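The values are calculated or read from the model by the stated rules, or taken from the named source; none is laboratory data. Note that the structure is a prediction, hence the values are computed from the model and not measured. Using ideal geometry, Cβ is built from the backbone for each residue, glycine included, and neighbour counts are taken over all protein chains shown.
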Amino acid sequence: MSHNNHNEEQRAISTIASTANSGPKGGKRIQLRFQTGDGQYIGISLAPRFSNRSCLGKAFLAATNIKPSDFSGLDPLALMVGKSCTLVLAQTDGGKCRVTQVLPLPSPQLQLGLEEVS
């Protein structure tokens, strides 16, 4: 338990800059590119399964507030571009950041009425 300081998590509010398919035919993955508030770009590659439990589905829900199973439009990935979400980042041994989770932004609607401090 001596290497605890390596996996310090940090959170960054970021915007989804682009989504793209990549990889050879049959081995497709979805590339999501995020731009964080301080201007750096971070990308993640996800399996293209759109279930509510898949990583891509969770990222889609975090960015759009729509469950993948509720979505019936043409290209769900297009909806993600320009949306904001919170990234949970962990530092790798090489000093780079990698995305470990995509979370919804704190919503003002969700916070209303929770704290009634007068």
Exercise. Give me the pairs: first residue in the stretch 48-77 and at positive phi, second residue among the acidic types (Asp, Glu), beta-carbon distance under 8 Å, and six or more apart or on different chains, which are they?
Worked result: none
For this session: Taking the options Phe50, Phe60, Phe34, name whichever one is out of contact with any Asp or Glu (no Cβ under 8 Å at 6 or more places or on another chain), among the aromatic types (Phe, Trp, Tyr) and more than 20 Å from Leu105 (Cβ to Cβ).
Result: Phe50
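With the condition kept exactly as written, say whether any residue in the stretch 62-70 is modelled with pLDDT of 90 or more, under 12 Å from Ser14 (Cα atoms), of a type outside the set (Val, Ile, Thr) and surrounded by 15 or more Cβ atoms within 10 Å (Cβ to Cβ). Write out each step before concluding.
Pass one, the stretch 62-70, residues modelled with pLDDT of 90 or more: 62-70.
Subset that is under 12 Å from Ser14 (Cα atoms): 62-63.
Then keep just the ones that are of a type outside the set (Val, Ile, Thr); that gives 62-63.
Within this subset, residues satisfying the condition of being surrounded by 15 or more Cβ atoms within 10 Å (Cβ to Cβ) are 62-63.
The answer is yes; a qualifying residue exists.
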